[in-house]
């Protein structure tokens, strides 16, 4: 039986970018892989279809505990769908909820975790959720925050930015690759090349460069402009909005910066986001 390689991140931290890169690297298509088909060999642990297969009642009748109990069955079904290990997107924190783990370690082969400066996450998340920046700053600090079940995904347990980051990255362990969003931007060949080696791959330089280019923000935004993106939030004009680091300097007030830093300083310091530069 295959196992899961988690593609984990707090929301709006580069998960879709990572999936696009992996599809372009592993499939090496003639042109950039269709962003609306990036579930071709990856999936989401929250996709409601994995849960409907276990409980044929209307999803509106499921309780939070029902979903918690079904998570292992969902992850087991994911492992059984292919012979090779499966890339699985998750925004869940790696914690237990209602007495059940959100991530089953015995079904896990490894994890790729993407971390992004929470000051920039605040801006991207406010566009995604349709909330103002003060509200979003509070969301980043809320240890109870998550999403709700709907007709496409079951609820997710995000918790605060700091809890989420800590849950996946402490302590460092074999089988875990941690990438900073900012390094993926500043030196994509080094960042993505290191990831390829972590996965046991040794792609020719030209193939790596093609995958990086075909998963670049410019390319992904161009695809969305032409044919839309099914994962776009109904609150946002675009899913691929700006794709840069340091937006917080122009968008956040000093009080908003101070609040986010105060709530997240320890993890920000771990990953080089504090002191502010």
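The values are calculated or read from the model by the stated rules, or taken from the named source; none is laboratory data. What you see is a predicted model, and the numbers here were worked out from it, not measured in a lab. Methodologically, a virtual Cβ is constructed for each residue, glycine included, from the backbone with ideal geometry; neighbour enumeration extends over all protein chains shown.
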Output for the range 40-49, where each listed residue is surrounded by fewer than 18 Cβ atoms within 10 Å (Cβ to Cβ) and either under 16 Å from residue 103 (Cα atoms) or out of contact with any strand residue (DSSP E or B) (no Cβ under 8 Å at 6 or more places or on another chain) (or both): 40, 47, 49
Selection count where residues are under 17 Å from residue 7 (Cα atoms) and exposed (fewer than 12 other Cβ atoms within 10 Å of the Cβ), scope the range 50-89: 1
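Which of the residues spanning the range 10-39 are in contact with a strand residue (DSSP E or B) (Cβ under 7 Å, 6 or more places away or on another chain) and on the phi > 0 side of the Ramachandran plot? Give the derivation first.
Within the range 10-39, the first condition is being in contact with a strand residue (DSSP E or B) (Cβ under 7 Å, 6 or more places away or on another chain), and the residues that meet it are 13-15, 18-19, 22.
Passing the criteria: only 14.
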Subset of the range 188-219 that is on the phi < 0 side of the Ramachandran plot and in a loop (DSSP other than H, G, I, E, B) - its residue that is surrounded by the most Cβ atoms within 10 Å (Cβ to Cβ): 215
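Of all residues in the range 96-110, count the ones that are in a strand (DSSP E or B) and in contact (Cβ under 8 Å) with a residue 60 or more places away in the chain.
Here the count works out to 4.
Would you confirm, using the coordinates I've provided, whether residue 82 is out of contact with any strand residue (DSSP E or B) (no Cβ under 6 Å at 6 or more places or on another chain), part of a loop (DSSP other than H, G, I, E, B) and at pLDDT 95 or above?
no
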Residue 93, sole failed condition from (1) over 17 Å from the mean Cα position of the chain (by Cα); (2) assigned to a loop (DSSP other than H, G, I, E, B): (1)
Of the criteria (1) surrounded by fewer than 19 Cβ atoms within 10 Å (Cβ to Cβ); (2) at pLDDT below 95, which one residue 274 fails: (2)
Index of the failed condition, residue 33 passing every other in (1) over 18 Å from the mean Cα position of the chain (by Cα); (2) surrounded by fewer than 22 Cβ atoms within 10 Å (Cβ to Cβ); (3) under 27 Å from residue 245 (Cα atoms): (2)
Hits in the range 175-197 (condition: out of contact with any helix residue (DSSP H, G or I) (no Cβ under 7 Å at 6 or more places or on another chain), touching a residue at least 60 places away in the same chain (Cβ under 8 Å) and over 14 Å from residue 209 (Cα atoms)): 175, 176, 180, 181, 182
So residue 88, is it assigned to a strand (DSSP E or B), in contact with a helix residue (DSSP H, G or I) (Cβ under 9 Å, 6 or more places away or on another chain) and either farther than 20 Å from residue 176 by Cβ or touching a residue at least 24 places away in the same chain (Cβ under 8 Å) (or both): yes
Scan of the range 223-257 for residues that are over 20 Å from residue 140 (Cβ atoms) and at pLDDT 80 or above, ordered by number: 227
